[in-house]
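Just so it is clear, none of the values below were taken in a lab; they were calculated from the coordinates. Note that the structure is predicted; figures quoted are calculated from it, not measured. So basically every Cβ, Gly included, is an ideal-geometry build from the backbone, and we count neighbours across all protein chains shown.
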Amino acid sequence: MQFNSQRYWLIGGEHCQLCDDASALMEACLPANIMNEVAYVDVRSSTELYHHFAVKIPVIYDTKANRFMTWPFAKEDIKRFFKL
């Protein structure tokens, strides 16, 4: 699943209000240096992503550690995921 070089992915979909909410929540609680490592990846960009995450979006995925967190999540969950 390594087709985007960013360390972290926010996996979402087109016209997904929850994905927009997740993005805003991440921007509100993550420092800029970490947000610079986050790429938005459309769940439909690969069959593998779609099969794994389509009904779970938004998803925060750490490509290096191969771990993910699915919605719903709060600021505290995001901070714990990013070990802040």
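A few points about this structure:
- Residue within the stretch 38-45 that is surrounded by fewer than 16 Cβ atoms within 10 Å (Cβ to Cβ), more than 19 Å from Asp21 (Cα to Cα) and either touching a residue at least 40 places away in the same chain (Cβ under 8 Å) or of a type in the set (S, T, N, Q) (or both) present: yes
- Checking Thr47, Thr63 one by one, the residue that is under 11 Å from the mean Cα position of the chain (by Cα) and polar (S, T, N, Q) is Thr63 and no other.
- Selected residue (only one of Ile11, Ile34 is surrounded by fewer than 18 Cβ atoms within 10 Å (Cβ to Cβ), aliphatic (A, V, I, L, M) and in contact (Cβ under 8 Å) with a residue 12 or more places away in the chain): Ile34
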